[in-house]
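The values are calculated or read from the model by the stated rules, or taken from the named source; none is laboratory data. As the structure is a computational prediction, the values presented were derived from the model and not from experiment. Neighbour counts are summed over all protein chains in view; Cβ atoms, including those assigned to glycine, are modelled from backbone coordinates with ideal geometry.
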Amino acid sequence: MKLSPLKFVDVAVNNVPCISLCDSGAQISVISTGLFKFCQSEVVGDIELQGIVGRTVVAPLVNLSMQLRAAPNCCSISAELPVVCAVVDLNAVEYDVILPVDVVKELKNLPSISVSKPVPRVSVVDPVTSDSCKCDVTDVDNDVNDTVVNVDQLSADDTNGDADVLINQQLKYASLKDCWEMAKRGKGGYVISRGVLYHKDKVEGQSICQLCVPECRRGHVLKLSHDSVFGGHMGERKTRERIRLSFYWPRLRQSI
């Protein structure tokens, strides 16, 4: 009998980095009691869990926020996915979280900005041709490329620019000025995370965190929503609600 290899995913749970196991047989997300101690979240209920073997276990339920962790040598700014998890003693060394396949897919579909970290160039002076031997670490160029990916099957070059460019664009356009002011006062569901402006909302009963899109990028989002994701087969309301799962801007309804 051939066994399929286990699939692991690097995630952050309430901003705590950890490793999750992608389990095709899981019906609910599970985190370890050890990880839960660092998550600072309240218990909202309980659930009975039944494994393949063993007795039924009553586990507490908690609301947590998850996002994929950035690849090595990258910084990532990503929306967060609210996930209801059961807290149990996993007794596993390799991972602290078990996620159903559909939750992993939702995490991969979150909008994110991934920025490559600059790597210093090191020049070593040849001791044979120099009076002294030393290593000189110089600054790298600041024009580091990154890719903004809405993982609804978009290509890597659909939207480019680093995090600073996005932040400057959000600050530049007057349509988001009031949003910034409300975020600073903690009102209207607007929040600032790592310098980027987001908006918290509910779509189809699901709590979400939307990236506030500056005017220069809205046409691109609308085009992708029709061309890449929906192919023109969804109605106006469904199109708008699907965009709102990831993005926000004032008067979005009138844009569609």
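Here's the yes/no breakdown for (1) in a loop (DSSP other than H, G, I, E, B); (2) at pLDDT below 65:
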residue	(1), (2)
Val144	yes, yes
Thr147	no, yes
Asp152	yes, yes
Ser155	yes, yes
Cys179	no, no
Gly188	yes, no
His199	no, no
Apart from one, (1) surrounded by fewer than 16 Cβ atoms within 10 Å (Cβ to Cβ); (2) more than 18 Å from the chain's Cα centre (by Cα); (3) at pLDDT 90 or above all hold for Val88; the odd one out is (1)
Number of the condition not met by Ile192 [criteria: (1) farther than 21 Å from Gln254 by Cβ; (2) assigned to a strand (DSSP E or B); (3) touching a strand residue (DSSP E or B) at 6+ places or on another chain (Cβ under 7 Å)]
(3)
Take residues that are more than 17 Å from Asn91 (Cβ to Cβ) and tell me which of the strands (runs of 3 or more DSSP E) falling wholly in region 1-43 contain 2 or more.
7-13, 16-23
Among residues belonging to region 220-238 that are within 16 Å of Pro111 (Cβ to Cβ) and at pLDDT 65 or above, point out the one that is surrounded by the fewest Cβ atoms within 10 Å (Cβ to Cβ).
Lys223
